[in-house]
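Peer 1: Would you mind keeping the following structure in view while I ask a few things?
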Amino acid sequence: MAKIVGGINVTHVPYIGRAIANNLQQDPYWKPFFDGFPPVHQWLAKVKPDIAVVIYNDHGLNFFLDKMPTFAVGAAAEYSNADEGWGIPTLPPYIGDQDLSWHMIDSLVENEFDIVTCQEMLVDHAFTLPLELFWPGQHPCPVRTVPVCINTVQFPLPTAARCFKFGQAIGRAIESWDTDARVVVIGTGGLSHQLEGRRAGFINKEFDLMFMDKLVNDPLWVTRYSVPELVELTGTQGVELLNWLTCRGALSGDVTKVHGNYHIPISNTASGLLAMEVA
Amino acid sequence: MSSGKQKRVIPGTTLFDGDMARKGYALNKMCFSFNSADNRAEFLKDKEGYCDKYGLNAEQKQAVLSLQVLDMLAAGGNAYYLAKLGGIFGLDMQDIGAQQTGVTKDEFKAKLVAAGRK
Ligand SMILES: [Fe+2]
């Protein structure tokens, strides 16, 4: 059966793409963020995943308000990045794994997660930049991919408890796939930030650090909060932490922290990085 | 136009729920079109005509033409889509944050940095 080697959660911000394109990794503004990644690169070189299941939210590239799925799973041979409107360089396409996609789709629906399936799917910065950070400069990306998109744009959003269960169902799906593939699960977004309104610029370091700490060994801690409470605690976009929680849900058994990093700010965001290994 | 349900009040924050998604549909649809460089160019050539093409109401059109982000939000705009409009004018998230909170860009950036020292 396929093996989940672990999970990595990381912030996504469009301007990371510009920083990479302009080689600003050692620039004083960006250094505290980019310096978080070498230990993750070393861990990935050790655990050698073949496939990444990437849990993220779309920001208006593939999905619009005309049709807004709560959960969507990609089932394409290839996923293209495209212009999001900001002139940040578009990255080359990512290779899919349709066998795993359809196995996950079958298993998730069987387990009562009635997801939307996408045989064509554009992937935005929330999908591409984490892969670029984990496998810098490697084109095509050396792992095959399955995108899993969660609505964090239009309320109501799925509850934290639902996202954790969705992650558990993703984990069971992967681990019941009859191959010897090695899979890393990635969750992207957060941590605390708010782009809009009179509370723009809101950041909550205390909550973020607690969340990162609890996520490793007590992930259900955050399910005590409703989605509006999470918005109050982490900001309107901080609620993207639901993607982190879904990723954590996919990890079962003994989970240990490999590496973490936290830095404020990049753009308007408290940036977080958390790699976890499954025994 | 409202669902009439009780909503949690978060200071300085509006949840983009069904009421807002209905109210802001035309504005957000226009902003979604800005993923295309051709559409961005067409907008810049005739902003008012482009707003009309997408059926923006007077409040939305006024907010867009005056580039007032809080007004766009009040008219149902969603941050993820409005960011694409901001991009056309070369505004980054610190410009937009400063405008909404009534401070200079440097003050806004300093506030972000201070949040990391707490
Ligand atoms: Fe995001």
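Peer 1: Mind checking which pairs have a first residue in segment A:224-247 that is free of Cβ contacts under 8 Å to residues at least 40 places away in the same chain and closer than 15 Å to residue A:204 by Cβ and a second that is within 11 Å of the ligand (Cβ to nearest atom) and not basic (Lys, Arg), Cβ under 8 Å, 6 or more apart or different chains?
Peer 2: Going by the 8 Å Cβ cut-off, the qualifying pairs are A:231/A:238; A:231/A:239.
Peer 1: A follow-up question, please. I want to confirm something. Restricting to segment A:107-132 and keeping residues that are more than 14 Å from chain B (Cβ to nearest Cβ) and β-branched (Val, Ile, Thr), which single residue is farthest from the ligand (Cβ to nearest atom)?
Peer 2: A:109
Peer 1: Look at segment B:104-118 and say how many of its residues are part of a helix (DSSP H, G or I) and at the interface with another protein chain (Cβ under 7 Å from one of its Cβ atoms).
Peer 2: Initially, segment B:104-118 is screened for residues part of a helix (DSSP H, G or I), giving B:105-115.
Checking which are at the interface with another protein chain (Cβ under 7 Å from one of its Cβ atoms) leaves us with B:108, B:111-113, B:115.
Residues in segment B:104-118 being part of a helix (DSSP H, G or I) and at the interface with another protein chain (Cβ under 7 Å from one of its Cβ atoms): 5 in total.
Peer 1: Now for a separate question. Which condition breaks for residue B:20 when tested against (1) aliphatic (A, V, I, L, M); (2) at the interface with chain A (Cβ under 7 Å from one of its Cβ atoms); (3) touching a residue at least 24 places away in the same chain (Cβ under 8 Å)?
Peer 2: In the conditions (1) aliphatic (A, V, I, L, M); (2) at the interface with chain A (Cβ under 7 Å from one of its Cβ atoms); (3) touching a residue at least 24 places away in the same chain (Cβ under 8 Å), residue B:20 misses (2) alone.
Peer 1: Condition test on residue A:39, is it away from the ligand (no atom under 16 Å from the Cβ), more than 14 Å from chain B (Cβ to nearest Cβ), of a type outside the set (Gly, Ala, Ser) and over 25 Å from residue B:34 (Cβ atoms)?
Peer 2: On the way: away from the ligand (no atom under 16 Å from the Cβ): yes; more than 14 Å from chain B (Cβ to nearest Cβ): yes; of a type outside the set (Gly, Ala, Ser): yes; over 25 Å from residue B:34 (Cβ atoms): yes.
So residue A:39 passes the test.
Peer 1: Just to be sure, is residue B:27 more than 9 Å from chain A (Cβ to nearest Cβ), buried (at least 20 other Cβ atoms within 10 Å of the Cβ) and either free of Cβ contacts under 8 Å to residues at least 60 places away in the same chain or under 13 Å from the mean Cα position of the chain (by Cα) (or both)? Even if it seems obvious, please write down each step before you answer.
Peer 2: Working: more than 9 Å from chain A (Cβ to nearest Cβ): yes; buried (at least 20 other Cβ atoms within 10 Å of the Cβ): yes; either free of Cβ contacts under 8 Å to residues at least 60 places away in the same chain or under 13 Å from the mean Cα position of the chain (by Cα) (or both): yes.
Yes.
Peer 1: Counting just the residues of segment A:1-29 that are touching a Leu at 6+ places or on another chain (Cβ under 9 Å) and within 14 Å of chain B (Cβ to nearest Cβ), which one comes out farthest from the ligand (Cβ to nearest atom)?
Peer 2: The qualifying residue farthest from the ligand (Cβ to nearest atom) is A:18.
Peer 1: Would segment B:62-74 turn up any residue that is at the interface with chain A (Cβ under 8 Å from one of its Cβ atoms) and touching a His at 6+ places or on another chain (Cβ under 8 Å)? Show your work before the answer.
Peer 2: Initially, segment B:62-74 is screened for residues at the interface with chain A (Cβ under 8 Å from one of its Cβ atoms), giving B:69-70, B:73.
If we keep only those that are touching a His at 6+ places or on another chain (Cβ under 8 Å) as well, we get none.
Scanning segment B:62-74, I find no residue that is at the interface with chain A (Cβ under 8 Å from one of its Cβ atoms) and touching a His at 6+ places or on another chain (Cβ under 8 Å), so the answer is no.
Peer 1: Let me ask another. Does segment A:184-201 hold any residues that are within 15 Å of the ligand (Cβ to nearest atom) and out of contact with any Pro (no Cβ under 7 Å at 6 or more places or on another chain), and which are they?
Peer 2: The initial filter retains those residues of segment A:184-201 that are within 15 Å of the ligand (Cβ to nearest atom), namely A:186-196, A:200.
Scanning segment A:184-201 gives A:187, A:189, A:190, A:191, A:192, A:193, A:194, A:195, A:196, A:200.
Peer 1: How many residues are of a type in the set (Val, Ile, Thr) and within 11 Å of the ligand (Cβ to nearest atom) when one looks only at segment A:228-246? Lay out the reasoning, then the answer.
Peer 2: Here is the first cut: in segment A:228-246, the ones of a type in the set (Val, Ile, Thr) are A:231, A:234, A:236, A:239, A:246.
Adding the requirement that they be within 11 Å of the ligand (Cβ to nearest atom) leaves A:236, A:239.
Counting residues in segment A:228-246 that are of a type in the set (Val, Ile, Thr) and within 11 Å of the ligand (Cβ to nearest atom) gives 2.
Throughout, read-outs are computed from the coordinates displayed, never taken from laboratory work. Model, not experiment: these values are computed from the prediction. Note: ideal-geometry Cβ built from the backbone for every residue, glycine included; neighbour counts use all protein chains shown.
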